[in-house]
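A quick write-up on the structure given underneath.
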Amino acid sequence: MDDLIQKAAADLAQAKMVSALTGAGASIESGIPPFRGKGGLWEKYDPMEVAHIDSFIQDPVKVWNLLIKDMKDIVDQAQPNDCHKGLARLEELGKLQTIITQNIDGLHQMAGNTDVIEFHGTFAWQRCMECNTHIETRRVDISEIPPHCQCGGILRPNAVFFGELIPQEALWRSRQVATDSDVMLVIGTSAVVQPAALMPVVAKESGATVIEINPESTVLTNDISDYLIKGPAGDTINRIMADLDALL
Ligand code: APR
């Protein structure tokens with residue numbers, strides 16, 4: 001594994017345009033559960049029942065009670081872990097331009113990254129379904145479920161539910177970033193949800209080196225990724241950064 005760590009540091013050192021695609025695995029060490037695999041949210045809930053826009057419109061009380069309240073408690077307390085901090089340092093070194101994240105926890109921005117494409121929106125904000133007013137989730141009073149806007153409209157997360165389109169700007173920019181990258185880090189994603197999982201394919205087809213960081217292999221590992229560094233995101237990023245410091 002050490003040789004792959006050194007290889008990743010060398011690939012980053014000579015890269016001109018680096019991007020990262022992150023998934024729930026990047027935030028697990030901040031206490032935010034993944035969706036799939038051990039302890040995954042979708043082992044507890046059926047995503048079509050609690051995370052589909054039709055379910056939310058049909059029964060916002062159920063979705064707020066089953067999914068959103070728990071998420072709010074977890075995200076409100078979450079802090080950036082070594083993976084987020086390492087990616088922020090990579091940007092400081094001029095060795096990471098853009099993060100495309102599937103996560104809705106805002107931890108990349110909290111760690112200091114300045115160009116973060118929130119592919120699935122963000123949980124840090126709620127918006128009114130009537131007047132579109134945006135309110136920070138931390139400031140929403142959830143003593144009443146579902147919470148309401150001053151106009152009387154119901155508040156919903158500014159995240160993308162299943163059954164909704166990816167924000168066009170996020171989709172367009174992500175494709176552009178993937179096309180322009182000469183290295184893409186793919187960190188903590190099972191790569192089973194489209195079109196996010198297409199971004200490493202676009203990067204690969206455009207000639208990028210795709211470096212996966214995940215304790216397990218994924219659908220990308222054999223066909224798209226140049227190599228998989230098997231390990232947790234925080235420790236792996238720390239080790240790559242240590243080798244990179246010696247090269248810069
Ligand atoms: N470090 C890095 N990766 C990890 C770690 C860790 N410590 N622990 C687990 N993983 C990996 C798992 O092996 C898995 O491949 O993180 C991945 C988590 O996969 P998912 O839970 O499917 O999360 P993600 O890929 O982000 O899901 C994509 O699905 O439900 C939707 O909108 C939701 O954005 C989400 C999308």
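The values are calculated or read from the model by the stated rules, or taken from the named source; none is laboratory data. The shown structure was predicted, so the numbers you read here are calculated from the model rather than taken from an experiment. Virtual Cβ from ideal backbone geometry, glycine too; neighbours counted across all protein chains shown. Each accessible area value is taken on the protein alone, full model and side chains, heavy atoms only, with ligands, DNA and RNA left out. Shrake-Rupley method; radii C 1.70, N 1.55, O 1.52, S 1.80 Å.
First obtain the Kirkwood hydrodynamic radius of the chain from its Cα pairs, then insert it into the Stokes-Einstein equation at 37 °C and 0.692 mPa s, and state the resulting D in µm² per second as a whole number.
Once the numbers are plugged in, D ends up at 177 µm²/s.
When you restrict to C-alpha pairs under 8 Å that are six or more residues apart and normalise by the size of the chain, the relative contact order lands at 26 percent.
If R0 is 51 Å, the Cβ-Cβ spacing of Gln58 and Asp180 corresponds to a FRET efficiency of close to 0.80. Projecting the Cα positions of Pro167, Val210, Pro195 onto the charge dipole of region 146-222 (unit charges on Cβ atoms of Lys, Arg, Asp and Glu, taken about the Cα centre) puts Pro167 furthest along the positive direction. With the cut-off at under 12 Å, measuring from each backbone N in region 134-153 to a point 7 Å along the Cα-to-Cβ line of Lys44 picks out no residue. Remark: the chain carries a charge dipole of roughly 180 debye about the Cα centre, counting +1 on each Lys and Arg Cβ and -1 on each Asp and Glu Cβ. Of the listed residues Lys16, Lys7, Lys95, the order by accessible area with a 1.4 Å probe, largest first, is Lys16, Lys7, Lys95. Element breakdown for region 73-127 at a 1.4 angstrom probe: carbon and sulfur atoms account for 47% of the accessible area.
Using 0.36 nm times the number of residues separating Ile166 and Gln194, minus their current alpha carbon distance, what extension gain do you get?
9.1 nm
Near the amide H of Val186, within less than 5 Å, lie the amide hydrogens of Leu21, Ile211, Glu212, Ile213, all on another chain or at least 5 residues away, with H placed in the peptide plane. Estimated at 0.36 nm per residue, the fully extended path between Asp226 and Asn238 surpasses their Cα-Cα distance by 2.3 nm.
Each Lys and Arg contributes +1 and each Asp and Glu -1, all at the Cβ; summed about the Cα centre of region 178-232, the dipole is approximately 140 debye. Given +1 at the Cβ of Lys and Arg, -1 at the Cβ of Asp and Glu and no other charges, the dipole of region 1-127 around its Cα centre is 120 debye to the nearest 20.
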